[in-house]
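The values are calculated or read from the model by the stated rules, or taken from the named source; none is laboratory data. Just so you know, these numbers come straight off a predicted model, no measurement behind them. Cβ placement follows ideal geometry from the backbone for every residue including glycine, while neighbour counts extend to all protein chains displayed. Ligands, DNA and RNA are excluded from the accessible area calculation, which covers all protein heavy atoms including side chains. Shrake-Rupley method; radii C 1.70, N 1.55, O 1.52, S 1.80 Å.
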Amino acid sequence: MATVSNPPDLRALDSALRDVARAVRRATPRLAGAEPLTDTQFEVLRIVVHNPGAAPGELAARTGMQPSNMSVTLRQLAEYGLIDRKPDPADRRCSRISPTEKAVAHAREMEAVRTGLVLDALAGLEPADRDSLTAAVGGLRALAAALTGATAPRVGRSREN
């Protein structure tokens, strides 16, 4: 893995990204009036909503969680009425996880609140700050892909840049 020196501006970027994520994550359930979920539960629920029918092992691999921790998280989400477990038709020993209608509604509401929260905050920024953030979208997607091992589309930037 290639390493990059650790100048103060890169440390500041790391810190700023965590601050933004934390602020959005903390405000969203409160503003949505939704039952508070842990970060892990919310992330697993988000993946289940967008990938209905996934197996617990697939979810564990996708999140980087240990299978036993995924089992606990899925049990909690089932207790909240947010997921259903159904036997895999091809292998009845395995289960498939699907979101309930409550989970889909919950995820939609959380997404709408999160989007509104960010758009409202962006509207209050100076135009130059908004432009800087918009210009960074391609780089942030590439960073997210690098962190997850995926390949990000090169949006808003040419290869020469």
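Structure notes:
- Test: LEU45 is part of a helix (DSSP H, G or I), over 15 Å from HIS106 (Cβ atoms) and at pLDDT 80 or above: no
- Options ARG108, ARG114, ARG93, ARG130; residue that is at pLDDT 85 or above, assigned to a helix (DSSP H, G or I) and open to solvent by 80 Å² or more (accessible area, probe 1.4 Å): ARG108
- Among the residues making up region 48-61, those that are part of a helix (DSSP H, G or I) and either crowded, with 16+ Cβ neighbours inside 10 Å or in contact with a Gly (Cβ under 8 Å, 6 or more places away or on another chain) (or both) are VAL48, VAL49, PRO56, LEU59, ALA60.
- Residue identified as open to solvent by 80 Å² or more (accessible area, probe 1.4 Å) and at pLDDT 85 or above among ARG30, ARG85, ARG26: ARG85
- Qualifying residues in region 117-127 (those that are of a type outside the set (A, V, I, L, M, F, W, C) and either on the phi > 0 side of the Ramachandran plot or assigned to a helix (DSSP H, G or I) (or both)) - the one least open to solvent (accessible area, probe 1.4 Å): PRO127
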